[in-house]
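One structure below.
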Amino acid sequence: QVRLVESGGGLVQSGGSLRLSCEVSESIDRIWVVGWHRQAPGLDRDLVAQSRNVGSTDYADSVKGRFIISRDNAKNMVYLQMNDLKPEDTAVYYCNAITMGVPGSPPRHWWGRGTQVTVSS
């Protein structure tokens, strides 16, 4: 079982920055994908950014150029640096990990409990 614990959320003014942290209970260099999703009230949970253990990253179009995902394999930590925050970035942010199962079984998704990010205008 992979446990994920987020921290770093809070209230920030528009244009400000926050860095989210995710502590992972397993060696993240063995985890296929680690990333961040977010969910605003009444909306679906959407991908924000993800990082694969082969080094590639993906970002939602709405955060490209503003958010940066990074990972510290030695500390089993995943970070999301969020710059130039906008009110529409307000959401609960969830850390996510995807692990590969035994051959023939589907990948498994693991989730943290989330951290609230609120951006005031």
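The values are calculated or read from the model by the stated rules, or taken from the named source; none is laboratory data. Here the structure is a predicted model, which is why all the values come from computation and not from measurement. A quick note on method: Cβ atoms are made from the backbone with ideal geometry, for glycine too, and the neighbour counts reach across all protein chains shown. To get the accessible areas, we keep the full protein, side chains included, count just its heavy atoms, and leave off ligands, DNA and RNA. Shrake-Rupley method; radii C 1.70, N 1.55, O 1.52, S 1.80 Å.
Extending 7 Å from Cα along the Cβ direction at Gln116 and again at Val5 yields two label points whose distance is 2.1 nm.
Normalised by the residues of the chain, what does the relative contact order come to in percent, with Cα pairs under 8 Å and at least six apart? Taking the mean separation of contacting Cα pairs over the length of the chain, I get 35 percent.
Out of segment 66-96, which trypsin sites (Lys or Arg not before Pro) are coil in DSSP terms and have no more than 12 other C-beta atoms within 10 Å?
Details: sites: Arg66, Arg71, Lys75; in loops: Arg66, Lys75.
Here the trypsin sites (Lys or Arg not before Pro) that fit, given the DSSP loop and packing criteria, are Lys75.
Looking at the chain, the accessible area is 55 square angstrom per residue; that uses a 1.4 Å probe and ignores ligands, DNA and RNA. Only one residue of Gly9, Leu47, Ser25 has its Cα farthest out toward the positive end of the dipole of segment 1-71, where Lys and Arg carry +1 and Asp and Glu -1 on Cβ, and that residue is Gly9. The antiparallel fraction among DSSP beta bridges confined to the chain stands at about 90%.
Place a +1 charge on the Cβ of each Lys and Arg in the chain and a -1 charge on the Cβ of each Asp and Glu, then give the dipole magnitude about the Cα centre in debye, rounded to the nearest 20. Walk me through the numbers on the way to the answer.
Working: 13 positive and 12 negative charges, 41 e Å.
Dipole size: approximately 200 debye.
Report the local net charge at Thr118: Lys and Arg +1, Asp and Glu -1, summed over other residues whose C-beta lies under 15 Å from its C-beta. Local net charge: -1.
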